[in-house]
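Let me begin by presenting the structure, written as structure tokens, before commenting on it.
The values are calculated or read from the model by the stated rules, or taken from the named source; none is laboratory data. Everything numeric in this text was worked out from a predicted model, so none of it was measured. Cβ atoms come from the backbone with ideal geometry, glycine included; neighbour counts cover every protein chain shown. With ligands, DNA and RNA removed, areas are computed over all heavy atoms of the protein, side chains included. Shrake-Rupley method; radii C 1.70, N 1.55, O 1.52, S 1.80 Å.
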Amino acid sequence: GIAAESPETPMRELLDGVFHDVGLDGNPLVWTPRYKARVSEAGLTFRPFLGSDAPTTYPIRLSLDAVTIHGARATLDAAPSINRSDDRITLDRGVLLEHYDFDVESVEQSFVLPAGTKGEVLVEVDLDVGPSIAWAPSTRS
């Protein structure tokens, strides 16, 4: 559960942060008042909060497809280790590190190559936004 730092800590302050857990499958879960996210070997699944009138959540998926270094396609580790440090989750893909940095409003994806990597680097990421979103929120007086 969530424990207050002190009895005077307002509930809003406790709920307006980045929270972490581990799913039943062992993968990291992250949530804030603005979104929910899950990191797995496949990458990131991100579910933004679209308001209480949204008919459902709409997942956005990011997955690293390929890395080409100096014209040669690199072999990615299909079963990367997944590690969390504070609000950063890292997938070690062997040829590079894939970072996800979480804050209350957003998630940032970045890549780190080993020191000494030379030549042009091309990183291909698959972005799946699922079905189109077509709904009009209700208007309330």
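Could you grab me the full set of residues in segment 7-21 that are open to solvent by 50 Å² or more (accessible area, probe 1.4 Å) and either closer than 14 Å to LEU91 by Cβ or at pLDDT below 95 (or both)? Explain how you work it out, then say what you get.
We begin by selecting, within segment 7-21, every residue open to solvent by 50 Å² or more (accessible area, probe 1.4 Å); these are 7-8, 10-13, 15-16, 21.
Scanning segment 7-21 gives PRO7, GLU8, PRO10, MET11, ARG12, GLU13, LEU15, ASP16.
Go over the candidates VAL95, VAL67, VAL39 one by one and state the one that is of a type outside the set (Gly, Ala, Ser), outside any strand (DSSP E or B) and open to solvent by less than 40 Å² (accessible area, probe 1.4 Å).
On the way: VAL67 fails: outside any strand (DSSP E or B); VAL39 fails: outside any strand (DSSP E or B).
Just a single option satisfies the conditions, and that option is VAL95.
When the residues of segment 42-64 are filtered to those that are open to solvent by less than 60 Å² (accessible area, probe 1.4 Å) and free of Cβ contacts under 8 Å to residues at least 24 places away in the same chain, which remaining residue is nearest to the chain's Cα centre (by Cα)? Write out each step before concluding.
Applying the first criterion (open to solvent by less than 60 Å² (accessible area, probe 1.4 Å)) to segment 42-64 yields 43-46, 48, 51, 53-54, 58-60, 62-64.
So of that shortlist, the ones also free of Cβ contacts under 8 Å to residues at least 24 places away in the same chain come out as 45, 48.
Numbers: THR45: 6, PRO48: 11 Å.
The selected residue is THR45.
Does at least one position in segment 25-34 carry a residue that is farther than 23 Å from GLU124 by Cβ, touching a residue at least 40 places away in the same chain (Cβ under 8 Å), of a type in the set (A, V, I, L, M) and buried (at least 16 other Cβ atoms within 10 Å of the Cβ)?
Yes; the residues of segment 25-34 include at least one that is farther than 23 Å from GLU124 by Cβ, touching a residue at least 40 places away in the same chain (Cβ under 8 Å), of a type in the set (A, V, I, L, M) and buried (at least 16 other Cβ atoms within 10 Å of the Cβ).
Of the residues ALA78, ALA4, which single one is surrounded by fewer than 16 Cβ atoms within 10 Å (Cβ to Cβ), in contact with a helix residue (DSSP H, G or I) (Cβ under 9 Å, 6 or more places away or on another chain) and either modelled with pLDDT under 95 or not β-branched (Val, Ile, Thr) (or both)?
Values: ALA78 fails: in contact with a helix residue (DSSP H, G or I) (Cβ under 9 Å, 6 or more places away or on another chain).
None of the other options fit; the residue is ALA4.
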